[in-house]
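Taking it in order: structure first as structure tokens, then the write-up.
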Amino acid sequence: MSAPSERLAPRAWRGYFEGSRLLENELERRMKAATGLDLGDFNVLLVLSEAEGSRMRMGDLARQLAFAPGRLTYRIGALERSALVRREASAADRRGTDAVLTEEGRRRLRAARPVHARHVEELFLGGLDDDALAVLDRVFGPLRARLLADCEDAPLP
């Protein structure tokens, strides 16, 4: 693979960085208006719904979501107050704490998923052809895997 050109690399980075922020901001605005959930809440509920038993250790959940542990603790507290998640002693060793998706959380996620999918399609995926999607998959699939592996190896802050 050749080195990126001096002009293309910064333009590509800026397009990615600014475009992804603009996309995230608009997805956030639409999600909050349509469902009352922000993207962070939605992602917590989504990851928990995909976890075995709809539960995950808080540290593992923080890594998966790329949240600082303190930030996740705050968010889980807010989701608990809304009865969407509860905290329980870890099923694995009882020393840790698991976040557990509640039935109300599952119901809210079920209602929010098609809304989120529609917004993602309207704002992002609908404007891409198969070639562009393949490039995104080729770039971000391995990047995500590498960064998640790095997070697993790193001590929690």
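The values are calculated or read from the model by the stated rules, or taken from the named source; none is laboratory data. Because the structure is a prediction, the values reported are computed rather than measured. Cβ placement follows ideal geometry from the backbone for every residue including glycine, while neighbour counts extend to all protein chains displayed. Protein only, heavy atoms only, side chains kept; ligands, DNA and RNA dropped before computing areas. Shrake-Rupley method; radii C 1.70, N 1.55, O 1.52, S 1.80 Å.
Using a probe radius of 1.4 Å on heavy atoms only, what accessible surface per residue do you get for the chain? Whole Å² is fine.
On the way: 10450 Å² over 157 residues.
Result: 67 Å² per residue.
Cα convex hull of the chain: how many Å³ per residue? All intermediate terms of the calculation are to be shown ahead of the outcome.
Working: hull volume 23.3 nm³, N = 157.
Enclosed volume per residue, from the Cα hull, is 148 Å³.
Can you pull the three principal axis extents for the Cα set of the stretch 63-109, in Å, largest first?
Per principal axis, max minus min of the Cα coordinates gives 28, 22, 18 Å.
Starting at 0 and stepping by 5 Å, how many percent of the alpha carbon pairs of the stretch 84-157 end up in each bin?
3, 12, 10, 12, 16, 18, 16, 9, 4, 1
Using only Cα atoms and rounding to the nearest 10 degrees, what angle (0 to 90) does helix 8-35 make with the longest principal axis of the chain?
Approximately 40 degrees, to the nearest ten.
If you plug each phi of the stretch 37-52 into the Karplus form 6.51 cos²θ - 1.76 cosθ + 1.60 with θ = phi - 60°, what whole-Hz ³J(HN,Hα) values come out, in order, with x for Gly and Pro?
9, 8, 4, x, 4, 4, 5, 4, 4, 5, 4, 5, 5, 8, 7, 4
With runs of 4+ DSSP H residues as the only contributors, calculate the mean residue ellipticity of the chain at 222 nm using -39,500 (n - 2.57) per run, divided by the residue total and rounded to the nearest 500.
Here the helix-only value at 222 nm equals -23000 deg cm²/dmol.
Filter the trypsin sites (Lys or Arg not before Pro) in the stretch 3-40 down to the DSSP loop ones having no more than 15 other Cβ atoms within 10 Å, then list what survives.
On the way: sites: Arg7, Arg11, Arg14, Arg21, Arg29, Arg30, Lys32; in loops: Arg7.
For trypsin sites (Lys or Arg not before Pro) across the stretch 3-40 that sit outside H, G, I, E and B with at most 15 neighbouring Cβ atoms in 10 Å, the list reads Arg7.
State the extension gain, in nm to one decimal, for the chain segment bounded by Ala33 and Ala9, taking 0.36 nm per residue of separation less the distance between their alpha-carbons. Intermediate results must be reported in sequence, preceding the final value.
Values: separation 24, 0.36 × 24 = 8.64 nm, distance 3.59 nm.
Gain on extension, Ala33 to Ala9, equals 5.0 nm.
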